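Each remark here refers to the structure printed beneath this line.
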Amino acid sequence: MERKMGDGRGIYIASKTKHADRWRFLRDKVGEPIISTWIDEAGPGESADLDDLWSRCISEASSCQVLIVYRERDEILKGAWVEVGAALASGIPVYAIGLDEFSLAKHKRLTHFRDMAEAIGAARSLRKAAA
């Protein structure tokens with residue numbers, strides 16, 4: 001399936017790589033316009049060129065319509081912080097699950113949700129309103 005990178009119309013998801021199967025399901029089975037290309041190379045050794053991977057992640061996160069950052073209790077985010085920063089620096093709204101304990105949670109462009117279902121629903125509404 002060919003996707004346009006950073007087309008400004010999709011949803012970028014930032015999370016631990018262990019959740020990639022969930023995001024591929026949302027994209028491939030549910031039909032959500034997820035543009036995060038990292039989810040297709042989230043396994044050990046699947047990214048042949050890490051410079052290219054990071055260039056894509058930053059580009060996609062800084063040009064999507066909305067970024068959803070997902071964190072479960074006790075998870076330590078790493079790359080997701082870079083992606084969130086790229087979105088915020090570009091004026092893109094960030095929908096957050098599990099970031100309440102961080103000072104970044106007070107940023108005016110962060111909207112908090114209890115779970116991914118709520119965040120996806122809000123992203124659908126945002127996309128519909130922009131259409």
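Checked against (1) surrounded by 12 or more Cβ atoms within 10 Å (Cβ to Cβ); (2) within 19 Å of A61 (Cα to Cα); (3) modelled with pLDDT of 95 or more, E118 passes all but condition (2). Being among the β-branched types (V, I, T) and loosely packed, with under 12 Cβ neighbours inside 10 Å holds for only one residue in I97, I76, I58, and it is I76. Contact annotation: residue pairs with Cβ atoms under 8 Å, 6 or more positions apart or on different chains, pairing a residue in segment 105-131 that is touching a residue at least 24 places away in the same chain (Cβ under 8 Å) with a partner that is in a helix (DSSP H, G or I), are M116/R22; I120/L26.
Results for (1) touching a His at 6+ places or on another chain (Cβ under 7 Å); (2) touching a residue at least 60 places away in the same chain (Cβ under 8 Å); (3) within 19 Å of H112 (Cβ to Cβ), shown as yes or no for each residue.
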position: A48; (1), (2), (3): no, no, no
position: S55; (1), (2), (3): no, no, no
position: A61; (1), (2), (3): no, no, yes
position: A87; (1), (2), (3): no, yes, yes
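The values are calculated or read from the model by the stated rules, or taken from the named source; none is laboratory data. Not measured: the values here are computed from a predicted model. When we count neighbours, we look across all protein chains shown, and the Cβ atoms used for this are built from the backbone with ideal geometry, even at glycine.
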